[in-house]
Amino acid sequence: MQRLQVLKETLLGLDLVQRQALIGSAVAAGGILAYMIYKRGQVKTIPLGEGWWGAGEKPLSEDNKIYPFTVETPDEEIKDLHDRIDRTRYTDPLEDSRFHYGFNSTHLKKVVKYWRHEFDWKKQVAELNKFPHFKTKIEGLDVHFIHVRPQHRANQRVLPLMLVHGWPGSFYEFYKILPLLTERQGDVVFEVVCPSIPGYGYSEAPHKQGFNSLAAARVFLTLMERLGFSEFYLQGGDWGSLITTNMAQMKPECVKGLHLNMAMSNRGLKVLVSLLIGPYLPFLVGFSREDVRRLFPFFEKNVYEILRESGYLHIQATKPDTAGCGVNNSPVGLAAYILEKFSTWTDMKNRDLVDGGLEKKFSLDELLTNVMIYWTTSSIVPSMRFYKENMKTNIENRVDSRTAIYVPTGLAAFPNELMHTPESWAQIRYKKIYSYTLMPRGGHFAAFEEPQLLADDVIQFVKKVEQY
């Protein structure tokens, strides 16, 4: 009361000019504060941009029709594959090296023997064609995608969902999760679109420099618009995580929800403080015990381990065509290059095994089908170029790295993912996290490894968004 009385006397002691100045200052301060609150609440977006990636000059018009597509491989191409496999030269592995030096050549011979004499590509082509495939021209490129419509049941909501793959995967990674999303008996079912990133699989490779995740995001937004979807959900991991994040940044009004099984956080003071305090007082920085287990010791798990496993990234981000020349010419070289990632990125402990633990989560037919998608399309080099295009300059300085994401977001943190992002870190960038799940098992290729776990998490996230 005394303070109020002093304030009252002070105000009464001011002359008219002083009172007007004080009131004006207060109004100005209030206006600034209101503007800051308004700006903070605004949904920020990044420019949509434009591009043309076809060969030669851009035509005046572009065919925007959608055409059915069927996976086919001529017999002579399989004969050429077998001839190349038969001429392979191997190098003996070091004693007891297991998978620490890469794909162990002793086990590679066993995989290649199966590939050459038992693997039935025609059977796998029939498997690929069990879902409807299409192509459409966007920004000069034939963009491939599969489009799976559910059987609509009474009292069941059909929600559109796009799933986006990464490297060295393909649309085929989602074949085991598709029935779990499109054949559900519950109140929500999904109509799923799975595109191939341009330069991967059956999507045409860009003919011009600069096709990065922002360009891919714009192409996929055009695809969804062309299919008639004004609102939809997105899911992605690896490059798919960045592409779908960019889609949400470009057109947040179209993205009802964004679900990721790999999320990168902006680095800053909050992260630094949590690294210093987290191991000792995790609750002060929003860490769970599981966060602590996955993050620390930090330098071993997040610096040295990444350095040990990111050699491919440095090559592909600088001279992809040089390295790609070898693996595009040798099917066995391609298989070793790709399958080593399906070993290590599923579980780092697989490096200690003589067979790389390849068949713990996948069958050889599944693994070789993914390799064959790369081989029969000669897409390994353009897929590697995607690293170069995204890392020509510091990706942290790009507009998307400096723009937060304001759409409802769900994160599934698998324990064997290459890097762990705690929820408190993810919140720095993703401002509306509706669900964050510490998954009980699984690694980098979530949909391929643990389709049921991932499907369940996507479904519970979507239900939260729909009920909000």
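The values are calculated or read from the model by the stated rules, or taken from the named source; none is laboratory data. Fair warning: this is a prediction, and the values are worked out from it, not measured in the lab. Neighbour counts run over all protein chains shown; Cβ positions are idealised from the backbone, glycine included. Only protein heavy atoms, including side chains, enter the accessible area calculation; ligands, DNA and RNA are left aside. Shrake-Rupley method; radii C 1.70, N 1.55, O 1.52, S 1.80 Å.
Points to keep in mind about this one:
- Neighbour net charge for Arg429 - beta-carbon separation under 14 angstrom, K R +1, D E -1: +4
- Solvent-accessible area per residue for the stretch 319-449 (1.4 angstrom probe, square angstrom): 34 Å²
- Carbon/sulfur fraction of accessible area - the chain, other protein chains in place, 1.4 Å, %: 55 percent
- Straight-distance candidates among the aspartates and glutamates for linking to Lys176, with alpha-carbon spacing under 12 Å and chain neighbours fewer than 8 residues away dropped: Glu127, Glu366, Glu449, Glu450.
- Restricting the stretch 118-172 to trypsin sites (Lys or Arg not before Pro) that sit in a DSSP loop and have at most 14 other Cβ atoms within 10 Å of their own Cβ leaves Lys130, Arg153.
- Other-chain or far-sequence residues with amide H under 5 Å of Asp142's (modelled H): Glu204
- Karplus-derived 3J(HN,Hα), 6.51/-1.76/1.60, for each residue of the stretch 163-169, Hz, glycine and proline x: 10, 10, 7, x, 10, x, x
- Pairwise FRET efficiency - Glu183 versus Ala404, Cβ, R0 = 45 Å, nearest 0.05: 0.80
- Amide H partners (placed H, <5 Å) of Leu159, local residues excluded: Val189, Phe190, Glu191
- Using a probe of 1.4 Å on the protein chains alone, the accessible area found for Trp375 is around 20 Å².
- Overall dimensions of the chain as given by Cα atoms, namely Rg and Dmax in Å: 25.9, 100
- Ranked order, Thr245, Thr393, Thr73 - accessible area, probe 1.4 Å, largest first: Thr393, Thr73, Thr245
- The angle between the Cα long axis of helix 75-86 and the longest principal axis of the Cα atoms of the chain comes to about 90 degrees, rounded to the nearest 10.
- Taking the DSSP beta bridges with both ends in the stretch 125-221, the antiparallel portion is around 60 percent.
- Solvent-accessible area per residue for the stretch 108-207 (1.4 angstrom probe, square angstrom): 38 Å²
- Here is the list for the stretch 247-300: chymotrypsin sites (Phe, Trp or Tyr not before Pro) lying in DSSP coil, each with at most 10 other C-beta atoms within 10 angstrom of its C-beta, are Tyr280.
- The trypsin sites (Lys or Arg not before Pro) found in the stretch 257-305 that occupy coil by DSSP, while having at most 16 further C-beta atoms within 10 Å, are Arg267.
- Rounded to 10°, Cα long-axis angle of helix 364-377 versus longest principal axis of the chain: 90 degrees
- Taken as Cα centroids, the stretch 328-376 and the stretch 87-140 sit 7 Å apart, rounded to the nearest whole angstrom.
- Relative to the current alpha-carbon distance between Lys79 and Lys463, full extension at 0.36 nm per residue lengthens the span by 133.3 nm.
- Radius 12 Å from Cβ of Ile46, net charge of other residues (Lys, Arg +1; Asp, Glu -1): +4
- FRET efficiency for Glu72 and Tyr312, using Cβ-Cβ distance with R0 set to 51 Å, rounded to 0.05: 0.95
- Cβ-derived FRET efficiency at R0 30 Å, Arg441 paired with Leu272, nearest 0.05: 0.45
- Given the chain, longest segment not containing exposed loop GluC sites (Glu not before Pro) (DSSP; at most 16 other Cβ within 10 Å): 254-468
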